[in-house]
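Written below as structure tokens is the structure these notes are about.
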Amino acid sequence: MDPDNDRRTFAEQGYIGPFTLWEPGEMAAWWKRQRKVLLDPEAGSRKTFDNPVNYDRHLDIPGLGELISDPRIVRRLQALIGPDVLCWRTEFFPKNPGDSGTGWHQVEKYAIGETSVGMLEATEHSPGVPMELTCWVAFTEAARENACMKVIPGSHRQWRYDEHAPMRWNASARDNSFFGYNYDGIKIDADWNPDEQDVRHLEMRAGQFFIFTARTIHGSNPNVGRRQRMGFAIRVVPTHVRVYGGMTGFDEFGHHFDLERHGCVLVGGSDEYGLNRMARHNAWGEPFSTAEERL
Ligand SMILES: O=C(O)CCC(=O)C(=O)O
Ligand SMILES: [Fe+2]
């Protein structure tokens, strides 16, 4: 791994990777074990959110809590946003055969949902350094026919969508939608459409990951194949970012998410800012560790 090279590539494209974390067989065995816990009602009862989309299961599923501070992931995140890294959210992204793709979208402060208030607020600004990153891990293979991710390299430099414009959730919206949110309606220039020749399809084997800023316009292909695709997004910020500032909950996907038990996990470095409520151990009382502590 060459941090300078990662930074150069990221500056140009708005993402880096894919990289290999595990070989497909290893990932398949690991994911099988995690899925068992995911489906276990006892683990479910320890969930931080009462939520239909399985946000933040790293807070109660030990294997996911370990994954988020895997040094091979965290060192790459640190190359792009500095040594002190908080995981503020994880999300599962399943696509079953027949599911539509995820429509193109672009965000940074995560003002998604019924409000136009961002969930993230940077307290410092350094040119060229993003205030958020996502590491998207392929828990299964994600090929062209089964909903691999797609990006527009370099699109992080220009806003094409106004993430602060309010959007209504529509459960039955499918095409061009982000799980019921239609970003087409919040395009800054309604006539702008991505050029197919600028699109990069990121096919990944099970066990690979890529890292991007959500400012890079991204989405995924429909699943016209026969196998489920499962992605897992690890969302991180540098410690100077305030997460869910002043919010006690939020409404998304027709659901109310109560933040009472939410905490950020330090996955690298240290937190000199103390801006955020922290989760120091998982729902079973086991401590989280940073990438450095694991090396
Ligand atoms: O997995 C997908 O289809 C969408 C993922 C996504 O938009 C994200 O991770 O921000
Ligand atoms: Fe996204």
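No value in this document is a laboratory result; all are computed from the given coordinates. Worth saying up front: this structure is predicted, and the values here are computed from it rather than measured. Positions of Cβ are backbone-derived with ideal geometry, glycine not excepted, and every protein chain shown enters the neighbour counts.
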Amide H proximity to F93 below 5 Å, modelled H, separation 5+ or other chain, gives G231, F232, A233
Once you order the gyration tensor axes a ≥ b ≥ c over the Cα atoms, which shape class does the chain get: rounded for a/c under 1.5, otherwise prolate or oblate by comparing a/b with b/c? rounded
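Could you please rank S100, S45, placing first whichever residue has the fewest other Cβ atoms within 10 Å of its Cβ? List each step's numbers first, then the result.
Values: S100 18, S45 9.
Ranking S100, S45 by Cβ neighbours within 10 Å, fewest first, gives S45, S100.
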Taking the dipole about the Cα centre of the chain, with the C-beta of Lys and Arg at +1 and of Asp and Glu at -1, give me whichever of F178, S45, P83 is farthest to the positive side. S45
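If you count, for each residue, the other Cβ atoms within 10 Å and average over each peptide, how do 149-159, 18-28 line up from highest to lowest?
Details: 149-159: 17.9, 18-28: 16.0.
Ranked from most to least packed, the peptides come out as 149-159, 18-28.
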Mean Cβ-within-10 Å packing, highest first, puts peptides 72-79, 222-229 in the order 72-79, 222-229
Please order K47, K32 by the number of other Cβ within 10 Å, starting at the fewest. K32, K47
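If the limit is 28 Å between Cα atoms, which of K47/K95; K47/K150; K32/K187 go over it? Don't skip to the end; give the middle numbers.
Values: K47/K95 22 Å; K47/K150 31 Å; K32/K187 40 Å.
Where the Cα-Cα span goes over 28 Å, the pairs concerned are K47/K150; K32/K187.
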For the stretch 151-295, what percent of Cα pairs sit more than 24 Å apart? 51 percent
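Relative contact order, percent, of the stretch 3-294 when contacts are C-alpha pairs under 8 Å separated by at least 6 residues?
Values: 679 pairs, mean separation 92.1, N = 292.
Result for the stretch 3-294 is 32 percent.
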